[in-house]
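S.K.: Structure below; questions to follow.
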Amino acid sequence: MKRKLSVAIAFIGGSRTVILDEPTAGVDPYSRIGIWDLIQKNKKGRTIILTTHMMSEAELLGDRIAIFANGDLLCCGSSSFLKSNFGWGIVLTVDLGRPNSKEDDAKIKELTESVNSIIPGTNVIDTFGTEIKFNLPKVDGNIENYHELFDYLEKNRSNLGINTYGIADTSLEEIFMQMVGDHDKKDDGNYNDKAINEMKIMKFSKTDKVKSNKFYLKQYIALLRKRFQHFKRSKLILAIELILPILFVCVCMLVTNKLPTVHHPQAYVVDVTNCTNCTSFFEILPDTSSYWIERYVQHLTNPIGIGIKCVGNNRTRQSSCSEIPLIKYDNITSPNKTYSDCSCEAGKITCNKNATYDKLPSIVLGSGHKVINVTNLNVTKWILNSWESYGPIRTGGYTFGLNLPTKGMSLSTVFEDIKKEKQRNMNVIEDDNDQVLSDNIVIWFNNKWPISPVVYLNGINNVILRASLPDNEAHKYGIRLTVHAMNYTTAQYHSEIKLKGAVALLHSVSLIFSLSLIPTAFILYLIEERITNSKHLQFLSGVNWMIYWIQTFTWDMVCYFIATLFCITALMIFGTEMYVNKTSFPCLFILILLYGWANIPFMYPASFFFQVSSSAFVTLSCINLLIGLTTNG
């Protein structure tokens, strides 16, 4: 019980390293099994050094097994490693059932020759009483020879006088006995050097130690390999060093890209085709007929339409234009539409959603714009009652033949008469070349599209222009409308400049924060090596302290360089002009590299003052961020 209690006490308190010297010596088999279970349950996260003379115990509990003799390390490795390198293969044991006699020598010789012919290289290693042991060499995964051997033994069992036979792998006990026995022979001076080579005993001579520069190079490479293995196994370090920095930069770029850009509004060309999938309409008032109305309607519905997108022999013409209208329409002679009244009782216009209407005659122009013919309809009522169907896409239209005398009247008088008579939101254009009353045109526009008034005014001017030209020349001309927005005032521009400065500050803070995480993450490894005494053990084993720190700095700079490449790539993908233009990019790249060159060694002394890695990470990250913000000019 005291032995079990001593083993339990060794694991109390979260011990990371436990040394057990013969923990099961002198205990009963039941208690031995209990101690084994206790060790296996508590081995996770610990380094356990256990000494024993029982090879079965070592094979059960040990991940790596070392065999010592008189203070010398003979071999070390896993159970499978020791068996594959120091074992002599598979042992075939044949029981003849009776003591060997002279008359059986022929059968034994026949058995030996047969086994050797089936599996070449077989040797007799022991003969004791009625048993003969054969050493079967390894066959490197080819088990067909073993099948043939077992078939031979089974078929000739009675002829050879075989009672039983069986095979077994080399046990650790046998390896231990052979290794220790050979070591004792060497101490007695009766040791064969050839046996050393055959058994591959791992003994290092002091005279074989590497010296000079090669020795330090090997240390450097070994430390790099150790650091790489640690980096590959630690997902937390991988995330902090490579993933978090680029994640912060990408999030910052995504947020700031949503902010409006700072520049004066640019002039742009507008046309009715700027509004995709929008529709227009026109009507001809009853009892109005003139040469010019017919000309206007003709050019309104020809392939060019009311815009300039499809004007021929012009750089504004696009390849998607069609030479003929895509859909023709029929003239309406009488109303064929009935629209139910809509209501505004709910606070907004509400129409009967279940009402069905016939399709209005329409035409799709060569530019792809759709024009609806609403002649003989009450346009005002149609606009209100068809809001559910056309409201979002109906941007404007024209009424031809308005019976309104405009000659000799001021524009204000015209608008007042229109308001009284028609109560419509419209503009009136008079053709000075025609004094007929029916030649007036009403322009309808939808103020939900802010540029609708000027677009439809320019559109009808294009129609009037082409109607006034010969038919063979009309398709070559058009009026292009350019809208010039008002520039910012001084106050507005200063406000936008402040916003741009805030965006630049956010970019720099994000970049500083991302880069400050990387050197801090390197300290976690150094703190872990110090508090686990791994670094102390390396120095005791002969690692040069200068090589250790040079390797550490080299590895950290390479990782820092890779992480900064990811961050710079993110800046280039998002097209941050202030960082990636030809003038700023080289300076930014050199500045980031010099930051790592200066900051990484600055972090190393801190690894001697912290006992908890998480506390060190938070504290040093805040210090890096504070220094970066205070020095950010």
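S.K.: Modelling each spin label as a point 7 Å along the Cα-to-Cβ direction, I'd like the residue 569/residue 234 distance in nm, to one decimal.
M.R.: With each label point 7 Å from Cα toward Cβ, the separation is 2.3 nm.
S.K.: Is there a pair in 359/476; 83/109; 448/498; 348/381; 448/476 whose C-alpha atoms are over 26 Å apart, and which pairs would that be?
M.R.: Where the Cα-Cα span goes over 26 Å, the pairs concerned are 359/476; 83/109; 448/498; 448/476.
S.K.: Could you compute the FRET efficiency for residue 81 and residue 47, with r as their C-beta to C-beta distance and R0 at 25 Å, rounded to 0.05?
M.R.: Once rounded, the FRET efficiency stands at 0.85.
S.K.: Next question, about the same structure. Suppose R0 equals 41 Å; then what is the FRET efficiency for residue 359 and residue 257 from their Cβ-Cβ distance, rounded to the nearest 0.05?
M.R.: The pair residue 359/residue 257 has a calculated efficiency of 0.40.
S.K.: Also: Expressed as a whole percent, how much of the Cα-Cα distance distribution for region 1-63 exceeds 13 Å?
M.R.: 59
S.K.: For residue 171 and residue 606, FRET efficiency with R0 = 60 Å and r from the beta-carbon atoms, rounded to 0.05?
M.R.: Taking R0 as 60 Å, the efficiency between residue 606 and residue 171 is 0.70.
S.K.: Please give the length that would be gained between residue 127 and residue 597 if that part of the chain were fully extended, namely 0.36 nm times their separation in residues minus their C-alpha to C-alpha distance (nm, one decimal).
M.R.: Here the answer is 162.0 nm.
S.K.: Evaluate 2.2 N^0.38 Å with N set to the residue count of region 486-567, then give the Cα radius of gyration divided by it.
M.R.: Output field value: 1.92.
S.K.: Separate question: What whole-number distance in Å separates the alpha-carbon centres of region 473-520 and region 561-586?
M.R.: With region 473-520 and region 561-586 each reduced to a Cα centre, they are spaced 19 Å.
S.K.: Which whole-angstrom value gives the distance between the alpha carbon centres of region 1-74 and region 109-134?
M.R.: 40
S.K.: Taking 0.36 nm per intervening residue step and subtracting the Cα-Cα distance, what contour gain separates residue 504 from residue 73 on full extension?
M.R.: That pair, residue 504 and residue 73, stretches by 148.8 nm at full extension.
S.K.: Sticking with this structure for a sec: Using a basic spin-label model with each label point 7 Å from the Cα along Cα→Cβ, how many nm lie between residue 218 and residue 145?
M.R.: Result: 3.6 nm between the two label points.
S.K.: A further question follows. Would you calculate the separation in nanometres between label points at residue 109 and residue 532, each defined as 7 Å from the Cα along the Cα-to-beta-carbon direction?
M.R.: Spacing of the two 7 Å Cα→Cβ label points: 6.4 nm.
S.K.: When the C-alpha atoms of region 532-633 are aligned to their principal axes, what extent does each axis show, in angstrom, from largest down?
M.R.: The Cα atoms of region 532-633 stretch 53, 26, 21 Å along their principal axes.
S.K.: Taking the Cα centre of region 1-63 as origin, work out the dipole magnitude from +1 charges on Lys and Arg Cβ and -1 charges on Asp and Glu Cβ, in debye rounded to 20.
M.R.: Charge dipole, region 1-63, about its Cα centre: 340 debye, nearest 20.
S.K.: Return a whole-number percent for the relative contact order of region 1-63, with Cα pairs under 8 Å and 6 or more residues apart as the contact set.
M.R.: 40
S.K.: Count charges around residue 172 for me, please; just the other residues with Cβ under 9 Å from its Cβ, Lys/Arg as +1, Asp/Glu as -1.
M.R.: That works out to -2.
S.K.: Stretch residue 269-residue 619 to full length: gain in nm at 0.36 nm per residue minus the Cα-Cα span?
M.R.: Value of the extension gain: 120.3 nm.
Each value in this text was obtained by applying a stated rule to the coordinates, not by laboratory testing. Just so it is clear, the model here is predicted, and its values are computed rather than measured. Backbone-built Cβ (ideal geometry, glycine too); neighbour counts: all protein chains shown.
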